[in-house]
Amino acid sequence: MPNTAVFQVHEYMIVLRQLEEMDFHGSTVRLRGIVRCIGDEFTLDVYGCTSDSDFPQPHFDSDEKKGHMFVPFESIPVFIDMLRNEKPIYAHLRGDKPEWTSITTTKEPVGEGEDAMLGSARS
């Protein structure tokens, strides 16, 4: 199976926890939240970690069709905002260059933001 995958995120799920310590390939991750990005075949879990947590490199398991990336818990609202307000959203799973694992939008006009949403709400 290829070492990379790009997929459109169709659904997401948010999990908030008081604190969970988990072992991830030999690193101790102190987890406060998860944003699960779900596509047709693939999934990317974005783990929000405490400041004293290990931050392992992103990981892509091509057999399981699942990726993981680790960010400070304080960054989780940015991911949630993007998933709620942008479309389409793509997840990039990169086994070849783990640091390039990401969630992206497509190009859109500058300033489209809230005015476009308000305009469609008035219609």
Among the residues of the range 3-16, is there at least one that is surrounded by fewer than 16 Cβ atoms within 10 Å (Cβ to Cβ) and in a loop (DSSP other than H, G, I, E, B)?
yes
Condition met for VAL78 (surrounded by fewer than 19 Cβ atoms within 10 Å (Cβ to Cβ) and under 15 Å from the mean Cα position of the chain (by Cα))
yes
Answer yes if at least one residue in the range 41-48 is more than 21 Å from THR106 (Cβ to Cβ), modelled with pLDDT of 95 or more and polar (S, T, N, Q), and no otherwise.
no
Consider the range 23-63. How many of its residues are more than 22 Å from LEU83 (Cβ to Cβ) and loosely packed, with under 12 Cβ neighbours inside 10 Å?
6
Consider only pairs whose beta carbons are under 6 Å apart and that are at least six residues apart or on different chains; among these, list those whose first residue lies in the range 39-62 and is closer than 17 Å to VAL29 by Cα and touching a residue at least 24 places away in the same chain (Cβ under 8 Å) and whose second residue is of a type in the set (S, T, N, Q) and assigned to a loop (DSSP other than H, G, I, E, B).
PRO58/THR101
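Which of the residues spanning the range 58-77 are assigned to a loop (DSSP other than H, G, I, E, B) and among the basic types (Lys, Arg)?
Scanning the range 58-77 gives a single hit, LYS65.
The values are calculated or read from the model by the stated rules, or taken from the named source; none is laboratory data. Here the structure is a predicted model, which means the values were calculated and not measured. Ideal geometry is used to build each Cβ from the backbone, glycine not excepted, and the neighbour counts take in all protein chains shown.
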